[in-house]
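Encoded as structure tokens, the structure appears first; notes follow it.
The values are calculated or read from the model by the stated rules, or taken from the named source; none is laboratory data. Fair warning: this is a prediction, and the values are worked out from it, not measured in the lab. Reconstructed Cβ throughout: ideal geometry from the backbone, glycine too, with neighbour counts over all protein chains shown.
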């Protein structure tokens with residue numbers, strides 16, 4: 001039996017045991033109270049008779065002032081030489097003589113008796129009565145308690161089903177879904193209900209999905225690194241080796257050696273740039289825990305990016321639109337790495353300027369209830385529809401960018417950085433019309 005089922009059965013067993021013990025305690029307590037209460041009534045009447053005998057009065061007058069018990073009878077039985085002739089049970093006579101008093105019952109007949117002495121004479125004074133309510137009350141109580149036990153068991157079963165549906169069943173579903181996820185299908189995610197953010201099961205699913213995001217990024221980075229390293233680094237290496245072999249195949253003039261060295265230097269520089277870009281891209285594929293995250297203001301980063309790009313190329317025309325800024329400046333802050341965010345936005349903005357032939361590029365900043373929104377829009381060459389699905393592949397360049405320099409590393413690098421900040425990068429583009437890039441950076445998950 002599974003540990004989970006054992007736990008549920010143990011809880012149900014403890015509840016049933018507790019309910020049963022409580023029921024027995026209530027039943028015995030009530031039953032004992034019924035005995036004691038009725039005997040006290042009988043004892044009161046016995047004491048009245050004794051009091052009247054002490055004062056030589058007729059006991060009937062005072063007893064009659066009390067409510068008569070069902071089939072109430074009084075007995076004054078003289079005892080001579082410890083013997084008596086009486087209709088009272090023999091056991092009652094013996095116990096009364098021995099103990100001075102005794103309480104007796106048989107079925108619903110109750111008798112209370114006391115030994116009384118006066119003028120050297122000994123009497124047994126007793127009062128008997130039927131208690132028809134005892135059996136009625138006890139039967140009613142027993143039925144109520146049995147009904148309560150049955151109701152409690154049904155309630156416990158109902159609660160168990162509720163716990164199973166709200167906790168155990170979702171947990172089992174999570175386990176089943178997790179078992180289906182492997183390195184071959186890391187894109188799968190657990191169901192997360194947006195309207196149950198404080199639900200522990202929902203939080204567990206959300207946390208696990210976050211871990212899957214990081215694992216998927218790490219696997220993609222590793223796979224891309226291997227494939228890109230084997231493909232992109234092979235070309236400049238082949239060029240360097242081929243150029244060196246060609247030059248060494250026979251004696252050359254000084255100018256030919258210089259030209260060969262220049263070709264080798266160019267290929268080596270190309271190899272170095274690709275290696276740096278590849279390593280930096282691989283670095284951003286991790287979860288970002290090794291990076292230092294601080295509180296940063298996005299509007300300040302945008303201004304710095306604009307100034308830096310225009311210093312590098314004075315032909316860049318960048319127009320910043322701050323008309324949609326929120327009134328609360330705290331809504332412009334997130335917890336992130338300023339250098340990485342600067343690099344990501346700079347890559348996207350420089351691409352917009354480059355592929356629009358230095359035409360005007362608009363940079364807008366806004367904020368919603370959950371995130372900061374950055375929109376970069378150009379009226380450049382755009383991206384062909386057939387190429388849009390490959391824009392995040394490292395070193396991929398659209399078919400209409402042949403006349404523009406680049407390595408095809410900027411957009412994948414920027415997307416990895418945005419993902420490190422739990423953000424989203426959305427690209428919309430039409431060929432010969434322009435491209436719009438939207439960056440969503442959440443601030444609701446951070447303490448500002």
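None of 356, 346, 371 is at pLDDT 85 or above and closer than 23 Å to residue 210 by Cα except 371.
Sort out which residues of the range 430-448 are in a loop (DSSP other than H, G, I, E, B) and either out of contact with any strand residue (DSSP E or B) (no Cβ under 8 Å at 6 or more places or on another chain) or at pLDDT below 75 (or both), and write them in order of number.
Of the range 430-448, the ones in a loop (DSSP other than H, G, I, E, B) are 431-433, 443-448.
The answer is 431, 432, 433, 444, 445, 446, 447, 448.
Residues being closer than 30 Å to residue 272 by Cβ, modelled with pLDDT of 70 or more and surrounded by 13 or more Cβ atoms within 10 Å (Cβ to Cβ) are represented in the range 219-234 by at least one member.
Being in a helix (DSSP H, G or I), at pLDDT below 80 and outside the structural domain of residue 423 (by TED's automatic domain parsing) is a property that does not hold for residue 237.
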